[in-house]
Every structure is written in structure tokens, then in C-alpha cells.
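The values are calculated or read from the model by the stated rules, or taken from the named source; none is laboratory data. Keep in mind it's a predicted model, so treat the numbers as computed, not measured. Note: ideal-geometry Cβ built from the backbone for every residue, glycine included; neighbour counts use all protein chains shown. Calculation scope for accessible area: heavy atoms of the full protein, side chains included, ligands and nucleic acids excluded. Shrake-Rupley method; radii C 1.70, N 1.55, O 1.52, S 1.80 Å.
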Amino acid sequence: MGVVAWLKSLFVLQLLIGFVFVVSGLIINFIQLCTCVLWPINKQLYRKINTRLSYSLWSQLVMLLEWWSGTECTLYTDQATVDKFGKEHVIIILNHNYEIDFLCGWTMCERYGVLGSSKVLAKHELLKVPLIGWTWYFLEIVFCKRKWEEDRETVFSGLNRLRDYPEYMWFLLYCEGTRFTEKKHQISMQVAESKGLPKLKYHLLPRTKGFTTTLQCLKGTVKAVYDVTLNFKDKQNPTLLGIVNGKKYKADLSIRRFPVEEIPDDEKECADWLHKLYQEKDALQEHYEKEGCFPGPTIKTKRRVWTLLNFLFWATLLLSPLINFAWDVFVSGSPLLIIGFMIFLIVASVAVRRLIGVTEVKKTGSSYGNTEAKKEN
């Protein structure tokens, strides 16, 4: 292990990074709360301010991927498609197989200038997660309980509200509804068989309602659908904890652009189009499994320095008083102050670990496969 790798593995450094993220996030959330007074006066100004505030938080996670772990992202697409990145409203369809798939998506958003304005159809439970859920709330993220009768009004109103969004947005959809596991895959393929649909090997059966509704509500705003299929070199199974420990991964993303004009307007035909798309995604994953790469030309995108500069700004602002305070505590020799500070460190480490736990495959709760859930699909 080299010196740099050893330093990245030190718990104290990881805790300091977590401290910067959590405290800066709370500051950002407070500023976002204060901006709410702008909504009735100037909605678009409110949105532009919150887009930049969210960038300041999310880019710290992108910094971990790009600069701390050094993870590489290679695109398999053509230059004509890349030339449109960040210049149009789009829907992103991404496979949901890995703990850091969202982070790879955010990295592409950052490199093409749409990280702050990126959107997602998120499960309602995430609204209660500090920092993440709170920031998303101020960004007008659409939350759903994955029960259509309860979600219908909320989803329609939330999506329609985004039609006049002033910044180019990438709207991420995990059409599978939950992260891939072998158990969920078995259940999903039983559903596919019962519905007479082709079985998938590397994906769950897509839930079409979210896609058809999003496309219907944002038609006239979004110009295209980007199908993104993600995999990792050497059969790596990346985790957010691995990123925090400085482990380097090599991500490959196959990206295909479909103009909305090519997608059927009829809901059933649109659903059939999505099922066909997932069969094609499965074929892409099969090709990757055999060849170790996706078909087509490759494009290497460069990381930008802004994520690093943003983190250094927050680290300089927040770590200097923390280090001075810690020094004063230990110099004082007061057992009560020292014990109190140690308790603070323990609580902080537990809080950071719980935030990381939100992304872990083995801890991602889901009703997938329950009788009720099946009826909703």
C-alpha cells in the first residue's frame, strides 16, 4: 500500500470529509429554507439559486468519486450525442445494479453542467433522510410511495410544475423501481412469465407507469430520452464505502439518444417501447459480459476542477475552527470537555456511516415481490 492509499484509508481523514459534507449540507439546507421567501415573488430566481446551492453539496460526492478515489468513467456513444449533453432537457433511463450508480450519473451531470438541476423520481422514504431528502425537497424533486392510486395526483402536479424549469435538467428514472438483487430478479421474472413478456437476465422487469407518466407530463419540455447502461471493468462490485476508502473503479456507460418524436404517444405502445428498450439493455449487458466492453466508439470525459475547489472552500471554512476547537479542548486538560468531544466524534462517525448505509444494496428495503406490490406493477 502506497503512502497516498494509506492516508485515504485513515478513519480520521474520512471522518473530516464526512464532517465537511454534513455541516456544509446543514448550512446549505438553512440557506435553502431562507430562499423560500422568493418563491411567491420570483419563482425562477428561487430555482436558479437552489440549483447552485445543491451543486455545492452534490459536487462534494462527485469529488470523492473523481479526485479521492480516482474512478474513471468511459462513455460508449458517438460524438453527435455527446455534443447535445447539457444543452437540452432529457429523461435518463439508468439500470439500478450498483450502490454507486447514482454517483456515476451525477458525475456525468457535473461534467456537462447539469448537476445542480438534475432531477429524479424518488421514493418517499428518502424525503426523511437528512441532507439528501431535505435538499431534494427544495429542488422540487418528485417523491412517490410507489402506489399509483396514492401517487397519481402528487406525481402529475410535481412533473407539470417542472415544465417551465429555467435550467437544463436531466430527469433520472430507475424504471426497475428498486435495486437489482437475485431474489428480486427471480420474483420479477415470475411476473414477466405471467404477463407473457420476454425474460431479462441482467435487469428487473421495468415498471412502465413512471416512465409513461413522466414522458406525458414533460412532453414539449424534454427533447430526448437517454438510455444509459452501466457496468464496471473486471466484474467490480463498487460501493460508496469503497469510494470513501479511496478505491479506484473503472465505470463504462453505454449511452443511446432517442428523440421524443420517435417514442409512441399511446400509453400502451409507450410501455411496449420501454419493454423493448430493456431487452436491448439486456443484450448490451450480455455483450459486456462476454467482451468486457460495450459495442461502439468510446469517449473519455475529463473531470473538472470545480468539484475539488468547492470541497476545498468548505474544508477551509469548516475545518479550521474545528481543529482549533479540538486543540483547545485537549490543551485544557479537562476530562469533561475531552469526553464530550470524543462523544461528538462518535456520534458524527455513526451519522456519516448511516448516510452511507442508505446506498448499500443489502440495506435497501423494498416491498418488491409483495402481493400488493405486484398488483401495482
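Could you check segment 170-186 and list, in sequence order, the residues that are more than 24 Å from ALA224 (Cα to Cα) and either touching a residue at least 40 places away in the same chain (Cβ under 8 Å) or open to solvent by less than 20 Å² (accessible area, probe 1.4 Å) (or both)?
Answer for segment 170-186, where residues must be more than 24 Å from ALA224 (Cα to Cα) and either touching a residue at least 40 places away in the same chain (Cβ under 8 Å) or open to solvent by less than 20 Å² (accessible area, probe 1.4 Å) (or both): ARG179, PHE180, THR181, LYS183, LYS184.
Name the single residue that is surrounded by the fewest Cβ atoms within 10 Å (Cβ to Cβ) among those in segment 49-84 being under 20 Å from the mean Cα position of the chain (by Cα) and among the charged types (D, E, K, R).
ARG52
Give me a count of the residues in segment 183-228 that are closer than 27 Å to HIS287 by Cβ and assigned to a loop (DSSP other than H, G, I, E, B).
Residues meeting the conditions: 13.
Do we find that PHE11 is touching a residue at least 12 places away in the same chain (Cβ under 8 Å) and open to solvent by 50 Å² or more (accessible area, probe 1.4 Å) in this structure?
Yes, satisfied.
Just to verify a result, which residue in segment 137-163, among those that are part of a helix (DSSP H, G or I) and touching a residue at least 24 places away in the same chain (Cβ under 8 Å), is nearest to SER59 (Cα to Cα)?
Filtering first and then ranking leaves PHE138.
Mind listing whichever residues of segment 231-251 are open to solvent by less than 10 Å² (accessible area, probe 1.4 Å) and either under 15 Å from LEU274 (Cα atoms) or touching a Lys or Arg at 6+ places or on another chain (Cβ under 7 Å) (or both)?
Listed by number, the list holds a single entry, PHE232.
In segment 288-313, which residues are in contact with a Ser or Thr (Cβ under 9 Å, 6 or more places away or on another chain), open to solvent by 70 Å² or more (accessible area, probe 1.4 Å) and farther than 23 Å from TRP106 by Cβ?
PRO297
If I ask for residues that are at pLDDT below 95 and assigned to a loop (DSSP other than H, G, I, E, B), which ones from segment 1-58 would you list?
The answer is MET1, GLY2, LEU10.
Scan segment 247-257 and give yes if some residue there is part of a helix (DSSP H, G or I) and out of contact with any Pro (no Cβ under 6 Å at 6 or more places or on another chain), otherwise no.
no
Of these, GLU99, GLU149, GLU140, which one is acidic (Asp, Glu) and either open to solvent by 40 Å² or more (accessible area, probe 1.4 Å) or out of contact with any Gly (no Cβ under 9 Å at 6 or more places or on another chain) (or both)?
Of GLU99, GLU149, GLU140, the one residue that is acidic (Asp, Glu) and either open to solvent by 40 Å² or more (accessible area, probe 1.4 Å) or out of contact with any Gly (no Cβ under 9 Å at 6 or more places or on another chain) (or both) is GLU149.
Of the numbered conditions (1) over 26 Å from SER69 (Cα atoms); (2) among the hydroxyl-bearing types (Ser, Thr, Tyr); (3) modelled with pLDDT of 95 or more; (4) in a helix (DSSP H, G or I), THR107 satisfies every one except a single condition; which is it?
Of everything listed in (1) over 26 Å from SER69 (Cα atoms); (2) among the hydroxyl-bearing types (Ser, Thr, Tyr); (3) modelled with pLDDT of 95 or more; (4) in a helix (DSSP H, G or I), THR107 misses just condition (1).
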